[in-house]
Ligand SMILES: Nc1nc2c(c(=O)[nH]1)N(C=O)[C@@H](CNc1ccc(C(=O)N[C@@H](CCC(=O)O)C(=O)O)cc1)CN2
Ligand SMILES: Nc1ncnc2c1ncn2[C@@H]1O[C@H](COP(=O)(O)OP(=O)(O)OP(=O)(O)O)[C@@H](O)[C@H]1O
């Protein structure tokens, strides 16, 4: 299903000359994704979170999950709830890192030991994901991870993600190991049938996970 009526015929990231219209198209798509999400209820988001954890492909954690570090995220607002998935990863013995945003755009990570240890971040007028307290690891902590799970407002057939437009993940993902798979998480209706508009810095996901299932898209 698509979020929009337009189709983009490009089959790779666009050149800098098309960046302005691409940015505008992304903004329109973000806006419609966020307004669709507003129709979800807290109960739906929690049920979706339980289903998300059930569909997570455990083989991705390798033969010994206790040696695996996973960069995941704490859901906020109208996102699919990720606490059940975070709990699953912790129960399997993985080291789980989640974003620390600092003033909002900074890239940093913290190790999550228990979802009950998450605390709200006081940023008046802004919605921020809850964060663990404790040491803030630098951006390149991502290079320790064997799997990255990232939020998306849409995912196209090539794996390209629509993010929130701050470039947080595009910048962060440049620091992951080249062989480290990226799983994008979104609502089922955000898995798109047509290519998203893309720019050179966009980093495609290898697979998409929704409350309805897991689908590999590349690699
Ligand atoms: N749960 C979660 N964690 C995440 C992200 C995300 O999308 N979701 N990020 C992905 O990049 C990074 C943080 N980047 C962010 C970028 C923009 C906004 C933002 O626009 N917040 C609005 C409200 C958004 C809403 O209502 O849904 C605000 O500040 O008011 C928040 C985080 C890292 N951690
Ligand atoms: N690797 C990068 N280095 C520096 N700036 C970047 C990088 N990637 C993206 N940006 C900047 O971030 C801004 C937002 O990019 P874009 O619209 O692609 O974000 P997004 O993909 O929606 O967000 P996210 O990456 O957080 O999911 C752009 O102005 C872009 O120039």
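What follows is calculated from the coordinates using simple rules that are stated; it is not laboratory data. These numbers were taken from a predicted model, which means no experiment stands behind them. Here the Cβ is made from the backbone with ideal geometry for all residues, glycine too, and neighbour counts use every protein chain on show.
Out of every Cα pair in region 27-84, what percent are spaced more than 15 Å from each other?
Values: 1005 of 1653 pairs.
Everything past 15 Å amounts to 61 percent.
Only helical DSSP H runs with n ≥ 4 go in: add -39500 (n - 2.57) per run for the chain, normalise by residue count and round the 222 nm mean residue ellipticity to 500 deg cm²/dmol. Show your work: numbers first, answer last.
Numbers: 4 runs with 48 residues, N = 219.
Helices in the chain give a 222 nm mean residue ellipticity of -7000 deg cm²/dmol.
Among 61, 196, 88, which comes first, then next, by fewest other beta-carbon atoms within 10 Å?
88, 61, 196
Cut-off is 10 Å between beta-carbons; in what order do 136, 183 appear when sorted fewest neighbours first?
136, 183
Take the Cβ-Cβ distance between residue 54 and residue 20 as r, set R0 to 45 Å, and report the resulting FRET efficiency rounded to the nearest 0.05. Don't skip to the end; give the middle numbers.
Details: r = 42 Å, r/R0 = 0.93.
The computed FRET efficiency comes out at 0.60.
Out of all DSSP beta bridges in the chain, what portion is antiparallel? Express it as a percent rounded to 5. Intermediate values should be presented prior to the final figure.
Numbers: 14 of 27 bridges.
Restricted to the chain, the bridges split so that about 50 percent are antiparallel.
Output needed: percent of Cα pairs per 5 Å distance bin for region 16-216, bins running from 0 to the one holding the longest distance.
Pair shares across the bins are 1, 7, 16, 20, 22, 18, 10, 4, 1, 0.
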